[in-house]
Every structure is written in structure tokens, then in C-alpha cells.
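Worksheet: the structure to be examined is printed underneath.
The values are calculated or read from the model by the stated rules, or taken from the named source; none is laboratory data. Keep in mind the model is a prediction, meaning the values are calculated, not measured. Note that each Cβ is placed from the backbone with ideal geometry, even for glycine, and that neighbours are counted across all protein chains shown. Calculation scope for accessible area: heavy atoms of the full protein, side chains included, ligands and nucleic acids excluded. Shrake-Rupley method; radii C 1.70, N 1.55, O 1.52, S 1.80 Å.
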Amino acid sequence: MGTPCHFALFDLQPSFRLDLDQLAVRYRELARAVHPDRFADADAREQRVALEKSASLNEAYQTLKNAPQRARYLLALSGPELPLEVTVHDPDFLMQQIQLREELEELQDADDIEGVLQFKRQLKVASDELNESFAVCWDDPARRDEAERLMRRMQFLDKLSHEVRQLEERLDD
Amino acid sequence: MALLQIAEPGQSPQPHQRRLAVGIDLGTTNSLVAAVRSGISEPLADAEGEVILPSAVRYHADRVEVGESAKGAASSDPFNTIVSVKRLMGRGLADVKQLGDQLPYRFVGGESQMPSIETVQGAKSPVEVSAEILKVLRQRAELTLGGELVGAVITVPAYFDEAQRQATKDAARVAGLNVLRLLNEPTAAAVAYGLDQQAEGVVAIYDLGGGTFDISILRLTSGVFEVMATGGDSALGGDDFDHAIASWIIEQAGLSVDIDPSAQRSLLEVACAAKEALTSNDVVEVVYQQWRGELSRAQFEALIEPMVARSLKACRRAVRDSGIELEEVGAVVMVGGSTRVPRVRQAVAEMFARQPLTDIDPDQVVAIGAAIQADTLAGNKRGDGEELLLLDVIPLSLGLETMGGLMEKVIPRNTTIPVARAQDFTTYKDGQTAMMVHVLQGERELISDCRSLARFELRGIPPMVAGAAKIRVTFQVDADGLLSVAARELGSGVEASIQVKPSYGLTDDQVAKMLQDSFSNAGDDKQARVLREQQVDAQRLLEAVEAALDADGERLLDRDERLAIDAQVELLRELINGSDGLALEQQTKRLTQVTDAFAARRLDSTVKAALAGRSLNEIEE
């Protein structure tokens with residue numbers, strides 16, 4: 001038996017727009033069925049099967065509930081495998097990136113916790129907008145290249161929000 | 001057994017015969033055992049009616065003493081009386097040295113293994129010492145419950161690393177316990193609290209014990225306990241409060257820091273008593289040897305403030321990691337004896353802007369929750385219908401050493417377990433035929449700041465130009481939070497794998513020997529015991545297969561498959577009451593193999609049913 005597609009595992013059609021609450025409900029139902037806790041007493045082979053099924057369920061859930069990962073997975077499903085890091089030819093976005101990073105550095109130097117909160121809110125708005133653009137773009141097969149570019153932007157913002165979390169940690173010291 | 005459990009989740013073959021399983025809180029200061037009886041989870045008491053067993057072990061030349069009386073001897077016989085052994089579990093000599101002069105023991109053993117403590121009975125490893133505590137709890141449970149235990153859930157601090165978890169599991173094995181699951185302490189507490197209060201939503205568990213601190217953020221949704229993030233400090237606890245007071249006394253009394261082990265023990269006892277008295281008093285009189293002084297609550301609070309602040313910082317990080325805002329936390333539960341300290345409660349209340357809950361005894365809540373999980377895992381059905389499910393996470397990131405001494409994360413912290421993840425690497429030299437895989441745990445970038453878990457070598461890679469080989473390294477973490485790693489060169493199929501056993505952990509042989517020693521000491525007839533276990537296993541398998549055949553045999557098996565299974569069932573039945581253990585074991589294996597495909601099909605059909613939104617019992621009909 002091969003690995004079923006993450007969407008199929010949840011009995012969903014591949015799509016970017018996803019009801020995350022519903023996905024969580026499904027996840028919990030499926031986890032109940034395959035979690036190793038239900039096989040605590042079973043022999044080694046059955047425990048291994050449960051472990052593997054549970055692990056792939058968790059992997060699928062992690063991928064689908066995170067917007068950039070979901071976008072990337074969708075693109076990979078319908079096209080050639082995508083390298084994780086590429087040089088992006090996206091000058092406008094590049095400018096924005098540089099600006100955002102500089103802003104973040106200034107916040108760090110100024111030890112500005114309130115500013116970081118503000119930055120986080122901005123980042124959230126930008127991510128939401130980007131997700132919406134991707135969703136629209138994804139519905140039109142002719143715009144695949146654009147979808148890929150948007151996905152790279154999503155990945156970048158995701159990485160940036162990770163860095164914001166690390167900054168928060170440092171400022172907490 | 002899985003066959004059965006799919007048919008009717010959690011129901012035991014004979015509904016009236018509950019399978020005995022317990023939850024054990026193996027604490028730094030105190031340990032407890034609890035069990036579900038008549039639908040209620042409660043701690044089990046000893047003959048004197050005490051539920052708490054102090055985690056103290058005293059070695060005499062001819063016997064071992066555990067509990068209150070052993071604790072009493074800590075200052076008169078410091079070398080042979082071991083307290084707070086949990087702080088040594090899974091630690092190397094370097095870690096132990098860091099705990100430094102806090103410990104009076106004489107350690108033996110080199111850098112490469114877990115240090116042992118020199119006692120009148122010879123060298124004892126922390127695993128063996130812990131096993132003594134577990135043995136007492138196991139005996140108590142078997143006596144109280146009136147039968148042999150199917151198994152136990154042992155709790156560990158959520159922030160325990162791989163080595164500490166493995167050591168705990170080894171201790172349980174040495175004590176003759178079948179470990180159903182290692183369960184994180186805050187998760188256990190959440191279960192006890194959540195089921196008691198029928199809580200839903202986001203809950204924070206603040207667990208400050210004798211030697212460890214954990215913070216876990218969980219989402220509770222109709223019986224599912226989903227850990228969103230966990231954090232903490234596996235070397236922060238009430239013991240440190242005692243040490244802070246002890247240092248203060250030494251300073252005030254103008255004593256030398258260099259005091260003998262016996263005096264050190266009694267100093268710590270004085271410090272601990274002062275700490276406890278300050279829970280209800282504003283000021284206490286402290287008497288140590290010739291010195292006499294006063295310690296006010298405010299002074300005490302100033303002494304422990306850095307530690308309280310450290311715990312709050314871990315809380316903020318866990319909240320950030322769980323991707324929620326502080327305001328979304330709907331309840332805060334206090335766990336562990338050290339949360340009795342008023343300053344701790346106050347600080348937590350201020351941070352979360354709500355009064356923390358202390359409804360369930362903070363000393364007992366972990367064992368109570370563990371017992372509920374143990375009961376479920378043993379296959380006993382819960383009365384209230386809703387099946388319990390715990391979805392836990394790994395507390396620390398797992399990764400590999402890459403070029404330049406850097407740690408590359410393969411599985412980030414707070415990933416839900418079980419999890420399997422692969423990462424591809426390549427060779428960096430022409431003709432390279434071997435690759436070293438160095439497995440690490442931690443959050444820092446430099447490998448020197450992370451904990452080294454294991455190293456192994458993948459050999460026999462066919463010589464190729466640099467960068468041409470494709471080596472896939474797969475990490476798998478099971479539901480106990482334990483890791484195994486495999487490496488494979490994709491072109492040639494060369495493989496190497498390792499069940500991660502930290503270098504200063506125990507080898508399987510060592511554990512087997514300790515286990516054997518404990519059997520011979522107990523005067524058990526090992527062979528008879530083994531045969532009995534095989535018979536129990538075979539009986540369970542038979543019952544499981546029959547129940548599965550009744551439920552799904554017609555739907556999922558063709559005639560030949562059914563006949564093949566029936567034949568193996570018959571053979572096993574013939575052997576089950578005999579005395580040929582080997583034949584019985586082999587036949588049990590054969591029946592397992594022949595039902596392999598059937599079990600997989602049933603699991604798939606369960607998944608489909610879950611998708612269709614039907615309950616499992618419905619598809620049986």
C-alpha cells in the first residue's frame with residue numbers, strides 16, 4: 001500500500017481553502033482510530049503498524065494546517081518536485097523583505113517589546129492577504145507560475161514570524 | 001490484542017474481570033501509586049494508611065529500606081541513604097558534577113557511563129535505586145488490588161530528555177513492571193483535572209516538583225487532550241529552594257561552605273522545614289547547630305525570586321510556542337508540592353491574570369491521571385463512554401550534526417508524537433564510503449551546546465563522486481517519546497539503524513542482569529513465570545482473534561484465508577495448557593503472522609469508518 005495523499009487521508013479534495021476547525025475534528029477522529037495507545041497491549045507488529053499510521057497522520061495534519069506548507073504541498077502534488085530553497089526573481093518582494101528585516105533589527109537594538117507586538121500584527125495582516133491571493137490564484141490553473149511565486153512569499157513570511165518568536169525570546173531574557 | 005481492540009475499543013474479553021493496571025508518579029521527593037477502582041481513580045495506601053512514599057532508599061548490608069524510615073536516616077547515614085535520585089537519572093558524570101556539592105554521595109564510574117553511587121551493598125546505579133522505589137509501589141498495588149499487574153504507566157517530567165526517559169523505563173523493567181506508557185507529568189495532571197471538571201478549551205499546567213519544573217499548554221476537546229506546547233527545566237524544583245535557604249543559613253551563621261555530608265543533610269532538613277513553615281507563617285525561627293536566626297517570608301521570597309522568574313519565562317515561551325495569546329488560556333492548574341509556596345501561586349496568578357486551580361491535591365494529581373491512562377491502556381472501558389486520547393509532543397528538538405559542528409533540526413520541539421521524518425544528505429568527498437550519523441537533542445545551533453544522544457556509522461556506500469550519493473536519515477519517535485534513527489543510501493540500499501540508547505544509559509545486557517538479580521532475590525521461579533506469561537499472551541491472542549473473526553471474519557476474509565487462520569487457532573489451543581513454553585511461543589507467533597493482513601485490513605476499515613463519521617460500534621452491526 002502506497003502513501004495516500006494528505007488530503008485523501010482526511011477524505012478531502014485537494015484545495016487551498018480549508019476549514020481548519022473541521023480539519024481538526026477529523027484529525028481527532030482519525031487519531032482515535034490509529035493512535036498507539038489503542039494498541040498498548042498488542043504485539044510488536046501491530047504496534048509498529050499503529051505507530052507508522054499515526055506518524056503519517058500527524059505529518060499530514062501538520063502539513064495541511066499550516067498555510068505555506070499546504071500551498072507547497074499542493075504545488076508539489078500537481079507538478080514537478082519543488083526545491084526547498086531557490087533564488088526568487090521577485091524584485092518587489094525582495095525590497096519588502098529587506099525592509100522588514102531592517103525593521104526587525106531596529107526593534108531588537110531598541111529592545112522595543114511593544115514595537116515587536118505591532119510588527120507581529122502587521123505580519124499577520126500581510127500573511128492573511130497573501131493567503132487570500134494564493135487561494136484566488138490557485139483556482140486558476142493558468143496562473144501556476146504566479147502561485148509558485150506567492151508560495152515562496154508565504155514561506156518567507158513564515159520564516160520571518162519564526163524569527164520574531166526568537167526575538168521575543170531574546171528580549172525576554 | 002489489537003484485533004480485539006478494534007472491534008470494541010477498550011472492552012476487556014471478560015467484562016467483569018478488570019485488568020489490573022496502575023499509574024505511578026516516580027517523584028524526586030515523593031512517589032505514589034494510584035489505580036482506578038469502581039470507576040474512581042485514587043492513590044493506594046500502604047498498611048499504615050499512608051499514600052505518599054518518600055523517594056528515599058537506604059542500603060543496609062543485607063536489606064534495602066525504602067520510604068519514610070529511610071528518609072529519616074539521610075543525615076545519620078548519608079552515604080548509604082539516597083534521596084532525590086531522580087535528579088541523577090540519565091545524567092552523565094559531568095551533569096552530576098554540575099549538581100556538585102549539593103550531593104553528599106561517593107560516585108564511581110567513568111565519563112562514558114551513568115555514574116553509580118558507592119554504598120554498603122556495592123555500587124548502585126540511579127536506575128537500580130529508582131527500581132527499589134518502584135518495587136515497593138508494585139508490591140503495594142498487588143497487595144491492595146489482589147492480583148498481578150498487567151502493567152503500569154510511569155510518569156516523567158515533560159521536559160525529560162531521551163536519556164532520562166530511557167533510564168526511567170529501565171528502572172521500571174528492573175522492578176519487574178511492564179511499562180504500558182511513559183506519560184508526561186503535566187499531561188497526566190491534565191487528564192485528572194479535565195475529566196474531573198469536564199473541562200474544555202485551553203489549559204495550562206504549571207508543575208513545580210521537588211527537582212523538576214514543567215509547563216504544558218493543552219487543548220481539551222471532548223476527551224482528547226492535545227498538548228500544544230511544553231517547556232520547562234529538568235533541574236529546577238523545591239530542592240533548589242531548600243538549597244537557597246541553606247546557603248543563606250551558612251552565610252548568616254558565618255559557617256564554612258565546606259561541611260561534611262552528614263551536617264549538610266541536616267542543614268537541608270532545617271532549610272526544608274523553614275520553607276514549609278513559611279507557607280502559613282510570615283516569619284520562622286531557624287536553628288542550626290549553635291546558630292539561631294529568623295527568616296521572614298519576604299526574605300525567603302527574595303531568595304527564590306530568580307527561580308520563580310525562570311519558571312515564568314518558560315511559561316511565556318510555551319504560550320508563544322503554542323501559537324496562542326496569553327488571554328486564550330482558560331484555566332491554570334497547579335501541580336507538585338512546590339506550588340504550595342505562596343509566592344509561586346501569586347506569581348503564576350499575576351502572569352496568567354487568573355487564580356490558579358488547586359482543587360485536586362497537587363501531590364496526588366499526577367498519579368491519579370496516570371492511573372486513568374493505565375486503566376484505558378490495559379483495555380478497561382471507561383464508564384462515561386467517551387474514549388480518552390492523549391496527543392503529546394516532544395519537548396526538545398531532535399537533529400543531526402552537519403558540517404562545521406552545527407546542529408540541523410530534523411524534528412522541531414513541540415511536534416506531536418508519534419512522528420517519523422526523513423532528511424536527505426549527501427557525501428562531501430569523492431569515493432567516500434562511510435558516513436557518521438551523530439544524533440543530537442536541544443535548541444542551540446552549536447552541537448557543543450546540545451546533548452549528544454548517539455553516534456553510528458553508515459558503511460558500505462558505493463564509491464561515487466562527492467554529492468552523488470543520496471543518504472536518507474529517518475527519525476522516528478514513538479508514543480513514549482523515545483527515538484530510533486535509521487540511515488539508508490538510496491542507490492545501493494545500504495542500511496544502518498540504531499535504537500537510540502544514550503551512551504551513559506544502560507546496555508540491554510546490564511538491564512537483563514539487574515532484572516535477573518531481582519528475580520533471584522525475590523525467590524521467583526523464573527521459568528514458571530515465563531511460561532505463565534506466555535500462556536497469558538496466547539490466551540489473549542486467542543480471545544482477540546476470535547472476537548475479530550466474529551466481528552469481521554465474513555466481511556474481510558475469503559474462504560481460504562479463514563481456513564488458514566482457523567487451523568492455526570486450533571494448533572494454539574492444543575498447546576496452551578501444556579508445559580512446552582518454546583512451542584507455545586512459536587505457535588503464538590505463527591497465529592500472529594497469519595492474522596497479519598487481516599489486522600491491517602481491519603485497521604483500514606476502522607479509518608474509513610472514522611472518516612464516515614460513524615462510531616466504531618456501528619460498523620460492527
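From its DSSP helices (H runs of at least four residues, each -39,500 (n - 2.57)), chain A gives a residue-normalised ellipticity at 222 nm of -25000 deg cm²/dmol. Calculated [222 nm] ellipticity per residue, helices only, for chain B: -12500 deg cm²/dmol; basis is -39500 (n - 2.57) per DSSP H run with n ≥ 4, divided by all residues, nearest 500. Using the Cβ-Cβ distance between B:Glu42 and B:Ala273 with R0 set to 25 Å, the FRET efficiency works out to roughly 0.30. Descending by average beta-carbon neighbour count within 10 Å, the peptides B:116-124, B:337-345 line up as B:337-345, B:116-124, the highest first. Highest mean first, the peptides B:410-422, B:550-562 sorted by other C-beta atoms within 10 Å per residue fall in the order B:410-422, B:550-562.
Backbone geometry of the range B:341-347 corresponds, through the Karplus equation with coefficients 6.51, -1.76 and 1.60 at θ = phi - 60°, to 3J(HN,Hα) couplings of 5, x, 4, 5, 4, 5, 5 Hz, x marking Gly and Pro. Summarised as an ellipsoid, the range A:91-172 has semi-axes of 29, 12, 9 Å, derived from the eigenvalues of the Cα gyration tensor scaled by 5 and square-rooted, with the largest first.
In this assembly, the A-B interface accounts for approximately 4000 Å² of buried accessible surface in total, computed with a 1.4 Å probe and without ligands, DNA or RNA. The apolar share of the surface of the range B:395-506, taken as the fraction of accessible area on carbon and sulfur atoms (1.4 Å probe, ligands and nucleic acids excluded), comes to 50 percent. Counting Cβ atoms of other protein chains within 10 Å of each Cβ in A:22-30 and taking the mean gives 4.
Counting every pair of alpha carbons in the range B:152-308, the share spaced more than 24 Å apart comes to 51 percent. Model label points for A:Gln108 and B:Ile324, set 7 angstrom from Cα along the Cα-to-Cβ axis, are 3.0 nm apart. Sorting the segments B:455-468, B:179-192, B:591-604, B:355-368 by their residues' average number of neighbouring beta-carbon atoms within 10 angstrom, most packed first, yields B:179-192, B:355-368, B:591-604, B:455-468. Entry comment: accessible area of the protein assembly as shown is 44 Å² per residue, from protein heavy atoms only and a probe of 1.4 Å.
For the range A:112-173, applying the loop criterion from DSSP together with a ceiling of 13 other beta carbons within 10 Å to the trypsin sites (Lys or Arg not before Pro) yields no site.
Please determine, in degrees from 0 to 90 and to the nearest 10, the orientation of helix B:559-575 with respect to the longest principal axis defined by the Cα atoms of chain B, where the helix direction is its Cα long axis. Tilt of helix B:559-575: around 60 degrees.
Only Lys, Arg, Asp and Glu carry charge here, each on its Cβ (+1 for the first two, -1 for the last two); on that basis the range B:395-506 has a dipole of about 60 debye about its Cα centre. Take the Cα of A:Asp92, step 7 Å toward its Cβ, do the same at B:Met436, and the gap between the two points is 5.0 nm. Candidate cross-link partners of A:Lys159 among the lysines, defined by an alpha-carbon separation under 19 Å and a same-chain spacing of 8 or more, comprise A:Lys65, A:Lys120, A:Lys124, B:Lys409. Here the convex hull built on the C-alpha positions of the range A:6-65 has a volume of 66 cubic angstrom per residue. Ordering B:Leu182, B:Ala567, B:Pro115 by the projection of their Cα atoms onto the charge dipole of the protein assembly as shown, which places +1 on the Cβ of Lys and Arg and -1 on the Cβ of Asp and Glu, puts B:Ala567 at the extreme positive end. Applying the criteria of a DSSP loop state and at most 15 other Cβ atoms within 10 Å to the GluC sites (Glu not before Pro) of the range A:69-173 yields A:Glu81, A:Glu85. In straight-distance terms, cross-link reach from B:Lys86 covers every one of the lysines whose alpha-carbon lies under 20 Å from its own, apart from those fewer than eight places away in the same chain; here that gives B:Lys71, B:Lys97, B:Lys124, B:Lys135, B:Lys169, B:Lys501. Extending 7 Å from the Cα toward the beta-carbon at both B:Arg601 and B:Ser492 defines two label points whose distance is 4.1 nm.
Fully extending the segment from B:Asp449 to B:Arg562, taken as 0.36 nm per residue of separation minus the present Cα-Cα distance, adds 35.0 nm. Taking only alpha carbon atoms, the protein assembly as shown gives an Rg to Rh ratio of 0.97, where Rh is the Kirkwood radius. Taking the DSSP bridge list for the protein assembly as shown and keeping only pairs wholly inside it, about 80 percent are antiparallel.
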